[in-house]
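The values are calculated or read from the model by the stated rules, or taken from the named source; none is laboratory data. Since we're looking at a predicted model, the values are computed, not measured. Please note: Cβ atoms are built from the backbone with ideal geometry, for glycine as well, and neighbour counts cover all protein chains shown.
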Amino acid sequence: MTKLDHSKTIRFLVFGALVLAATSCSQKPSSTPQQTASPQQTARGVGTEQIAKTFGLDSFGQVEAIRYTWNAQFPGVNVSRMWTWEPKTNKVSYEGKDKDGKPVKATYLRSQLNSQPANVKDEIDPAFINDNYWLLFPFHAYWDKSATVTNQGIKQLPDSSGPAELVTVKYPSDGGYTPGDTWDLYVGKDNRVAQMVYHRGGAKKPSLVTTTWEAYKKAGPLLISTDHNGTADGNHIHIFISDVAVKMAGSDNWINAQ
């Protein structure tokens, strides 16, 4: 199984430009994640391992492929990107549109990214990383060993709707496009993320992104939050994930999220 390490901040691809940051991750293929004790676990309260297990970590090794459509809507922008990812081989298939609205398709191995055309290296793969982190951030928060995880105890949710356990995931202050990115995960008693706040480590915008985590669905063993509503520097943003399905090892059938 292949994971995606954190080393760079990827931004939403909008009209061919990287303009809206909301995900911390890497463009580099990496080694198999080890699902053993993690140095990231907090001294008290819930940690990234417990959260990831709630989202299906223990069964992730049985997942042969994941397909989904990542959608983003904010003032002046409406983006949809369709993906199929095979975690064991790190094979990616993409369908979407270029900055001129023309259909684009691509299939590639991330281990051979350097040999791919410029649009795959500079546009499609960064978009894949961004969208995959929105799909599976609880896993990436556990896998990304460079991050420092702190449980800050019970805090009020950003929208003041009630209490939750605040787990902060902070990335290193060196390396990447905008080092020092921080993610605040507000976790309920069921170990599900209820809301999330992203703090950019650099000067580029947006500096602050706050979204809900809702409309949870099960795709095979995986728990997926399919709807995120919130703001980016005060402007409304809506990110939602549709058409989610998984294919399990030993089967040719897709299991739709429901």
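Based on what the data block shows, is Ser93 in contact (Cβ under 8 Å) with a residue 12 or more places away in the chain, surrounded by fewer than 17 Cβ atoms within 10 Å (Cβ to Cβ) and over 20 Å from Val187 (Cα atoms)? If you could, list the steps in order and put the result at the bottom.
On the way: in contact (Cβ under 8 Å) with a residue 12 or more places away in the chain: yes; surrounded by fewer than 17 Cβ atoms within 10 Å (Cβ to Cβ): yes; over 20 Å from Val187 (Cα atoms): yes.
For Ser93, the condition - in contact (Cβ under 8 Å) with a residue 12 or more places away in the chain, surrounded by fewer than 17 Cβ atoms within 10 Å (Cβ to Cβ) and over 20 Å from Val187 (Cα atoms) - is met.
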Just for segment 164-177: of the residues that are surrounded by 14 or more Cβ atoms within 10 Å (Cβ to Cβ) and free of Cβ contacts under 8 Å to residues at least 24 places away in the same chain, which one is farthest from the chain's Cα centre (by Cα)? Leu166
Which one of these does Trp83 not meet: (1) surrounded by 17 or more Cβ atoms within 10 Å (Cβ to Cβ); (2) part of a strand (DSSP E or B); (3) modelled with pLDDT under 95? (3)
Within segment 126-142, identify whether any single residue is within 19 Å of Asn78 (Cα to Cα) and either surrounded by fewer than 16 Cβ atoms within 10 Å (Cβ to Cβ) or touching a Pro at 6+ places or on another chain (Cβ under 8 Å) (or both), and answer yes or no. no
Residue by residue through segment 245-257, note down the ones that are surrounded by fewer than 21 Cβ atoms within 10 Å (Cβ to Cβ) and in a strand (DSSP E or B). Ala245, Lys247, Met248, Trp254, Ile255, Asn256
Considering only residues that are closer than 17 Å to Thr148 by Cβ and of a type outside the set (Val, Ile, Thr), look in segment 178-188 and name the one that is surrounded by the most Cβ atoms within 10 Å (Cβ to Cβ). Asp181
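Mind listing just one residue for me: the one in segment 189-211 that is of a type in the set (Gly, Ala, Ser) and either within 17 Å of the chain's Cα centre (by Cα) or buried (at least 17 other Cβ atoms within 10 Å of the Cβ) (or both) and, of those, nearest to Leu136 (Cα to Cα)?
Here is the first cut: in segment 189-211, the ones of a type in the set (Gly, Ala, Ser) are 194, 201-203, 207.
Checking the rest, the ones that are also either within 17 Å of the chain's Cα centre (by Cα) or buried (at least 17 other Cβ atoms within 10 Å of the Cβ) (or both) come to 194, 201.
Working: Ala194: 14, Gly201: 21 Å.
Applying the filter and picking the extreme gives Ala194.
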Is it the case that Ser242 is surrounded by 21 or more Cβ atoms within 10 Å (Cβ to Cβ), closer than 22 Å to Ser59 by Cα, at pLDDT 95 or above and not hydrophobic (A, V, I, L, M, F, W, C)? no
Just checking: which of the strands (runs of 3 or more DSSP E) contained wholly in segment 95-214 hold 1 or more residues that are under 23 Å from Asp233 (Cα atoms) and among the charged types (D, E, K, R)? 148-156, 163-170, 182-187
Exception for Ala127 within (1) on the phi < 0 side of the Ramachandran plot; (2) small (Gly, Ala, Ser); (3) modelled with pLDDT of 95 or more falls at (3)
